[in-house]
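Everything on this sheet refers to the single structure shown next.
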């Protein structure tokens, strides 16, 4: 009780309680703003999807017009009796579609007569162009002129009756959960919903919807596609509109917000939960201070330093919130600075904290990569990259990643590998390993006692191929029969009552399912609730060497006991490079990672500033960020290459980007870059890139030193001065860090 009284008698108590209230309030505002940003993002994505749906509708119309065009060529310059025969042949394959031929004076030459008053588009055909016209009673008409010499002799037309339009041209979107129709400029429905009834279609142009669609239609004057969030019938929807190329029609539709923004809402919930966790941690820390109030008074200077650090942290949080769509950029800064700490200091406590930061950063990267992988798979941009690989090495990688997790939970991790498996195969071992790792990780997550067993076997399929089979058996919680169907659904987790504390996004099994489908395989599951599960899959692989793998235990023990070769460190004191990035923190990280190499580094915060530097100095390599305001990295590269008198016109240019989608590297190289370096920057990849592109006469390869003493470097500044290049002119942050480091040293 005395401690509680002491605590509340301290004026700092009110400040701390007020800070908690403010923190909660900021969390609420952050959540509201984040949701608004996510919905803005979803509106943009729905507009993009509307453009794709409109392209598909345009393609359906274009296919009919292309068919008419080719048939009109067959009728050109033919006698009337031959024209009649050809038309009879065409008619046999038409079914209920009306095919006809009209003469230049408007009389029928073949088939049912039609009039310009019913289908005004016929006039456009007599002017020499293909056209599409609609009549609510008679249907959708496609027409194309038939020439005789230089004159138009006929107009060939094809009419789809109203009852056929839905089946032939109906618009499908969002797996039947969305509605879209093709309308004329007068809001007349040309093509109704593919999924839906006419009454529902009719309300589409009701008084409630027409003003909204007129608004969207007005925006279409300047854009090809547009989307807007709306409230309708007690629910929230995204309405969308898009032009149909080569027609006077346009696409209109709507989709429920929970369908269009499913992934965004999950990310929003994830960010909200992280913020709540930070709030809880702060409250726990406050309780700790309550219990240790006497020590709190003795460390007043430390608390002041802590307040300064919290203010800096809040400023950084505000910045990250505004740049949330560029997630990989702040991760690059975090992991890059963490790498600098690991390089510069050997203090055990400091390195422990730094390693924890690395682990947390890699976990966040794993979540982002899962979402990115699923996005690439769903958009069709995920590609398999087959290579020649060693089976024992792949198994070793899996064991090295999973075994420590199993040992941490005191589980038996058992490997059963067929010694007769061919040693060298050809296939996408990265994706095979990703599938196996997801299954193994889940097995360890959901098993509290017992064992996890991975079995690797094979069966021969033909002369040069085998089916490599991987099976994972665990003694975990198992899966209920009714949950098996939802096992591979994105963002799903089975038996939430038992598994609320299990980490992860719920994307792993969905990714496994899709990757296996790309490899013509599927996941097989046998499970008994409460007793464990068996997950298996088999993929066909080409054999490059029939030499047997041998005893895996021997191979594994040899890999573990062999000495690891000491890494090398590159130094190039006579080399100079330029880094162009519009975010100063990225320049700081990149410069810090290059510090041990002794390379002279110039930096620029814009493409324009970078081009000015290239006019006056000779660089060995130029790193260019792609996404910059004003002039992008690709535009800067083109401008540099076009300046033939520039001393760096032909120098090596490497794109530095957070764009990690499939195919990005090939795209950048096609646009003229020599190579591609993704964010977060991997120090080893950066060093190998420097070895590859720096002139040999400027580079020196030496053995790397231990943490805190980089090999080949001059004597480093001591203490906080090592971080002065990264802190800049912020004296308050400098003093706070200096105080914390001095206290850390005094406790040794």
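Being in the same structural domain as residue 171 (by TED's automatic domain parsing), within 30 Å of residue 89 (Cα to Cα) and either touching a residue at least 24 places away in the same chain (Cβ under 8 Å) or touching a strand residue (DSSP E or B) at 6+ places or on another chain (Cβ under 7 Å) (or both) is true for just one of 42, 57, 63. Which residue is that? It would help to see each step written out before you state the result.
Numbers: 42 fails: within 30 Å of residue 89 (Cα to Cα); 63 fails: either touching a residue at least 24 places away in the same chain (Cβ under 8 Å) or touching a strand residue (DSSP E or B) at 6+ places or on another chain (Cβ under 7 Å) (or both).
So the residue among 42, 57, 63 that is in the same structural domain as residue 171 (by TED's automatic domain parsing), within 30 Å of residue 89 (Cα to Cα) and either touching a residue at least 24 places away in the same chain (Cβ under 8 Å) or touching a strand residue (DSSP E or B) at 6+ places or on another chain (Cβ under 7 Å) (or both) is 57.
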Out of (1) buried (at least 22 other Cβ atoms within 10 Å of the Cβ); (2) closer than 30 Å to residue 47 by Cβ, the one residue 157 does not meet is (2)
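Condition check: within 23 Å of residue 575 (Cβ to Cβ) and not in a strand (DSSP E or B). Does residue 677 satisfy that? Don't jump to the end; show me each part of the working.
Numbers: within 23 Å of residue 575 (Cβ to Cβ): yes; not in a strand (DSSP E or B): no.
So residue 677 fails the test.
Among the residues of the range 74-99 satisfying the criterion of being in a helix (DSSP H, G or I) and loosely packed, with under 13 Cβ neighbours inside 10 Å, which is modelled with the lowest pLDDT?
Step by step, filter the range 74-99, then rank; the result is 92.
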If you check 688, 659, which single one turns out to be assigned by TED's automatic domain parsing to the domain that holds residue 605 and either part of a loop (DSSP other than H, G, I, E, B) or at pLDDT below 85 (or both)?
659
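Just to check your reading of the model, which residue among 180, 136 is in contact (Cβ under 8 Å) with a residue 40 or more places away in the chain, out of contact with any strand residue (DSSP E or B) (no Cβ under 8 Å at 6 or more places or on another chain) and in the same structural domain as residue 244 (by TED's automatic domain parsing)? Before the answer, list the steps.
Working: 180 fails: out of contact with any strand residue (DSSP E or B) (no Cβ under 8 Å at 6 or more places or on another chain).
Answer to the selection: 136.
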Taking the range 425-444, which residues are over 17 Å from residue 510 (Cα atoms), crowded, with 18+ Cβ neighbours inside 10 Å and out of contact with any helix residue (DSSP H, G or I) (no Cβ under 7 Å at 6 or more places or on another chain)?
427, 428
Taking the range 662-680 and the residues there that are touching a helix residue (DSSP H, G or I) at 6+ places or on another chain (Cβ under 6 Å) and crowded, with 20+ Cβ neighbours inside 10 Å, the one that is modelled with the lowest pLDDT would be 680
Filtering the range 615-636 for residues that are buried (at least 22 other Cβ atoms within 10 Å of the Cβ) and in a helix (DSSP H, G or I) leaves a count of 2
Got at least one residue in the range 202-211 being at pLDDT 70 or above and either surrounded by 12 or more Cβ atoms within 10 Å (Cβ to Cβ) or not assigned by TED's automatic domain parsing to the domain that holds residue 253 (or both)?
no
Identify all residues within the range 445-467 that are surrounded by fewer than 17 Cβ atoms within 10 Å (Cβ to Cβ) and not in a strand (DSSP E or B); write none if there are none.
448, 449, 450, 463, 464
Can you find, within the range 381-424, the residue that is modelled with the lowest pLDDT among those that are more than 28 Å from the chain's Cα centre (by Cα), part of a strand (DSSP E or B) and surrounded by 15 or more Cβ atoms within 10 Å (Cβ to Cβ)?
390
Per the filter on the range 423-477, residues closer than 13 Å to residue 398 by Cα and out of contact with any strand residue (DSSP E or B) (no Cβ under 7 Å at 6 or more places or on another chain) are 430, 431, 433, 434, 437, 438, 441
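The values are calculated or read from the model by the stated rules, or taken from the named source; none is laboratory data. The model shown is predicted, which means the values in this text are computed figures rather than measured ones. As a convention, Cβ positions derive from the backbone with ideal geometry for all residues, glycine included, and neighbour counts pool all protein chains shown.
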